[in-house]
Amino acid sequence: MPSRLHTHRIWEARDLNREYELFYVLRPDIDEDQVRTAMDDVAALIAGQGGEMSKSSLWGRRRLAYTIAGFNDGYYALKELTLPAEKVRELERQLRLDERVIRHLISLRQVYYLPGDEDRRGRVRTRVRDRGEAADGAIPGDEELPDDALEAEIAADDGFGADLAVDENGEE
């Protein structure tokens, strides 16, 4: 009789590259050349894990919100990268071992789509009802109201407008 462990299929995330943001803080006691070298070393770590960088930026030396490893300042850097999902843990391990990096954060990159935009697979991310309106340039739920309907909506409001009803002559 086969074991229960071998009867189900295990899904593995092979060749699944995801978009991440790597935000890290470098020690403030290193000079500008060492900061650039550290950024190049982090880029080499990413490439060594099979990743690819799309954007890299150095924010400069800034004050930390609280003391980290005895430092009140640090060099902030941000990298946008594409990396296989199973390699993130190893990248984090290598960043923890680098003494120049005092704090790091790797998060999934948030991608926002406007109505009518398509995702990477060519699928539209809006509902079927909104697609036609998005193609026309109209925002769903943003139609013009006649003056009478607008006044009725203001009068029915729960806020301060309900007790300050004014007629056409400007009298209460």
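So the values come out like this:
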| item | result |
| --- | --- |
| Residue, surrounded by the fewest Cβ atoms within 10 Å (Cβ to Cβ), within segment 66-94, restricted to residues that are of a type in the set (A, V, I, L, M, F, W, C) and more than 21 Å from the chain's Cα centre (by Cα) | 69 |
| Residues of segment 22-53 classified as in contact with a Gly (Cβ under 9 Å, 6 or more places away or on another chain) and among the basic types (Lys, Arg), total | 1 |
| Selection count where residues are outside any loop (DSSP other than H, G, I, E, B), at pLDDT 80 or above and either under 23 Å from the mean Cα position of the chain (by Cα) or not assigned by TED's automatic domain parsing to the domain that holds residue 97 (or both), scope segment 1-55 | 20 |
| Residue list for segment 14-42, filter: surrounded by 16 or more Cβ atoms within 10 Å (Cβ to Cβ) and farther than 16 Å from residue 89 by Cα | 25, 26, 27, 28, 35, 38, 39 |
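The values are calculated or read from the model by the stated rules, or taken from the named source; none is laboratory data. What you are looking at is a predicted structure, and each value in this text was computed from that prediction instead of being measured. Positions of Cβ are generated from backbone atoms using ideal geometry, with glycine treated the same way; all protein chains shown enter the neighbour counts.
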